[in-house]
Ligand code: NAI
């Protein structure tokens with residue numbers, strides 16, 4: 001595989017494009033918003049500067065990597081010579097099904113179609129294409145250039161050959177791929193989201209405050225970040241939508257999202273991206289400050 005198309009150039013898409021370009025692949029980065037593509041290129045360049053200053057990339061390697069990325073606002077043009085497409089557009093089922101119909105129509109017949117979805121069924125996405133055996137989950141973690149894991153998710157129809165190719169490709173990106181089957185939340189979010197939800201319930205029921213809950217998990221369980229801070233980092237809206245997928249997919253009330261989480265998302269408090277969740281975020285500041293409503 002030489003030519004990779006990445007659909008969506010937001011948080012995850014720019015990281016995925018960065019890692020492929022750094023490892024010598026030609027990358028076509030596609031987004032419906034031209035401004036988002038510009039922002040993505042600036043972010044990739046800034047993140048590569050950080051690697052240069054740490055000595056893990058040379059200035060020449062950075063230039064070469066950036067020159068391997070082309071940008072497109074049309075899916076049709078962006079995927080026409082792809083060996084692999086990695087879709088990382090907004091987490092919305094209708095949108096993803098529509099994108100996969102387009103990918104199936106415009107990408108070469110031999111191309112593998114992967115999705116970075118956090119929670120949507122790979123099997124369901126594959127079923128809208130004429131090549132379900134070539135559809136697979138390639139779930140990178142945020143921030144992509146830093147995190148080692150790729151959760152490789154086999155849909156019901158994904159072939160052994162396609163799974164092996166994606167496992168090998170992930171290793172070529174210096175990542176650690178782990179193969180899992182397609183059930184709600186896969187493995188990462190099936191385990192992580194109930195923990196985050198339980199942390200929010202502990203706050204909602206007055207068991208302890210925000211910093212107390214996070215401190216217990218950081219110092220007691222050696223987690224680098226407490227679950228409430230992590231929820232802010234992921235995005236509270238994203239956490240809520242994954243919990244809803246788990247709740248609906250298993251029909252088990254243990255996954256029901258905490259009413260406090262629902263209220264916060266409905267009120268627009270979505271964590272880092274909106275400036276406030278359980279904590280308050282000021283651009284440029286690294287201090288972790290409690291959101292006013294959660295400070296004593
Ligand atoms: P984001 O909101 O930062 O970026 C999504 C991008 O998709 C935007 O730039 C938007 O303009 C673009 N887009 C929307 N419709 C499009 C279309 N039809 N064609 C091309 N581009 C389109 O979202 P983020 O956080 O990067 O998430 C992307 C995917 O990655 C989602 O499926 C999410 O569940 C998954 N994911 C997110 C993680 C995270 O920590 N944010 C972690 C792992 C997976």
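The values are calculated or read from the model by the stated rules, or taken from the named source; none is laboratory data. As the structure is a prediction and not an experimental result, all values here were calculated from the model. Backbone-built Cβ (ideal geometry, glycine too); neighbour counts: all protein chains shown.
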Could you list, in sequence order, the residues of the stretch 1-42 that are within 14 Å of the ligand (Cβ to nearest atom), within 16 Å of the chain's Cα centre (by Cα) and in a helix (DSSP H, G or I)? 11, 12, 13, 14, 15, 16, 17, 18, 19, 40
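Suppose we filter 253, 257 for residues that are closer than 30 Å to residue 124 by Cβ and surrounded by 11 or more Cβ atoms within 10 Å (Cβ to Cβ); which single one remains?
Working: 253 fails: surrounded by 11 or more Cβ atoms within 10 Å (Cβ to Cβ).
Exactly one of 253, 257 is closer than 30 Å to residue 124 by Cβ and surrounded by 11 or more Cβ atoms within 10 Å (Cβ to Cβ), namely 257.
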When you check residue 56 against the structure, is it more than 29 Å from residue 185 (Cα to Cα), outside any strand (DSSP E or B), assigned by TED's automatic domain parsing to the domain that holds residue 163 and within 10 Å of the ligand (Cβ to nearest atom), yes or no? no
Which pairs have Cβ atoms under 7 Å, sit 6 or more apart or on different chains, and link a residue in the stretch 21-48 that is touching a residue at least 40 places away in the same chain (Cβ under 8 Å) and under 19 Å from residue 61 (Cβ atoms) to one that is near the ligand (Cβ under 10 Å from one of its atoms) and outside any helix (DSSP H, G or I)? 27/6; 29/6; 29/9
So residue 176, is it within 18 Å of the chain's Cα centre (by Cα) and surrounded by fewer than 18 Cβ atoms within 10 Å (Cβ to Cβ): yes
Helices (runs of 4 or more DSSP H) completely within the stretch 68-168 that count 1 or more residues being away from the ligand (no atom under 11 Å from the Cβ), outside the structural domain of residue 36 (by TED's automatic domain parsing) and surrounded by 14 or more Cβ atoms within 10 Å (Cβ to Cβ): none
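For residue 10, are the conditions met, namely being closer than 19 Å to residue 141 by Cβ, assigned by TED's automatic domain parsing to the domain that holds residue 127 and modelled with pLDDT under 95? Show your work before the answer.
Values: closer than 19 Å to residue 141 by Cβ: yes; assigned by TED's automatic domain parsing to the domain that holds residue 127: yes; modelled with pLDDT under 95: yes.
Considered against the rule, which asks whether it is closer than 19 Å to residue 141 by Cβ, assigned by TED's automatic domain parsing to the domain that holds residue 127 and modelled with pLDDT under 95, residue 10 comes out as yes.
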Taking the stretch 200-250 and the residues there that are on the phi > 0 side of the Ramachandran plot and out of contact with any strand residue (DSSP E or B) (no Cβ under 8 Å at 6 or more places or on another chain), the one that is nearest to the ligand (Cβ to nearest atom) would be 222
